1. Just to be sure I understand the model, the point goes 7 Å from the Cα along the line to the Cβ. What's the resulting ASP5 to PHE17 distance in nm?
2. Net charge near ASP50, counting Lys/Arg +1 and Asp/Glu -1 over other residues with Cβ under 12 Å of its Cβ?
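Rule-based calculations on the coordinates, nothing more; no lab input. Remember, predicted model here, so these are calculated numbers, not experimental data. Here the Cβ is made from the backbone with ideal geometry for all residues, glycine too, and neighbour counts use every protein chain on show.
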Amino acid sequence: MKRVDIAGIERVLGYRFYDRTLVETALTHPSAVEGMPRKLSYERLEFLGDSILGA
């Protein structure tokens with residue numbers, strides 16, 4: 001799995017993320033973590049967001 005350059009993203013945005021693992025999870029497509037735990041892709045966060053919007 002290719003790592004996301006969180007430091008580069010922070011430089012461009014001018015913002016430092018408190019929890020960098022959430023940023024990496026939010027940007028990871030499920031196919032990139034095939035055969036690995038599902039929590040490493042954005043599907044879990046997507047489901048949470050859809051549930052909140054549906055409430």
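1. In this crude spin-label approximation the distance works out to 1.5 nm.
2. Numbers: positive: ARG44; negative: GLU43, GLU46.
Summing Lys/Arg as +1 and Asp/Glu as -1 gives -1.
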